[in-house]
Amino acid sequence: KPEQVAKQIVKDAIQGNFNSSIGSDGYMLSSLTCGMAPVTSITEGLTQVVTMGLFRTIALFYIGSFDSIVRRCMMQRAKSEIADKTA
């Protein structure tokens with residue numbers, strides 16, 4: 001819910017945390033996109049380094065799934081347009 005997200009962002013900002021995430025997907029994306037962001041503890045930095053490969057592998061499956069959905073929709077749209085032209 002938006003309220004839950006807003007509360008977490010405010011809580012993290014007050015605590016001085018640069019990254020804020022909710023749920024495992026949010027944590028994974030936060031770690032994958034950390035780039036040159038500051039870390040608030042050694043543990044956070046080490047966790048990001050250790051999990052980066054695993055998270056990237058999981059992300060590849062997400063990307064493949066999203067790509068499949070888009071391709072399926074494109075094929076359905078193309079078939080629909082062909083059907084409309086022949087009707």
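The values are calculated or read from the model by the stated rules, or taken from the named source; none is laboratory data. In this text the structure is predicted, and so the values were computed from the model without any measurement. Neighbour counts run over all protein chains shown; Cβ positions are idealised from the backbone, glycine included. Heavy atoms of the whole protein, side chains included, go into the accessibility calculation; ligands, DNA and RNA do not. Shrake-Rupley method; radii C 1.70, N 1.55, O 1.52, S 1.80 Å.
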| query | When residue 57 is evaluated against the numbered criteria (1) more than 14 Å from the chain's Cα centre (by Cα); (2) open to solvent by less than 80 Å² (accessible area, probe 1.4 Å), which criterion, by number, is the only one it fails? | reply | (1)
| said: Suppose we keep only residues that are surrounded by fewer than 14 Cβ atoms within 10 Å (Cβ to Cβ) and of a type outside the set (Val, Ile, Thr) within region 21-33. Which one would you say is nearest to the chain's Cα centre (by Cα)? | reply: 25
| query | If you go through region 34-54 one residue at a time, how many are open to solvent by 50 Å² or more (accessible area, probe 1.4 Å), of a type in the set (Val, Ile, Thr) and in a helix (DSSP H, G or I)? | reply | 4
| Between residues in region 1-20 that are within 21 Å of residue 44 (Cα to Cα) and open to solvent by 80 Å² or more (accessible area, probe 1.4 Å) and residues that are among the small types (Gly, Ala, Ser) and not in a helix (DSSP H, G or I), which pairs lie under 7 Å by C-beta distance while being six or more apart or on different chains? | 9/20; 18/37
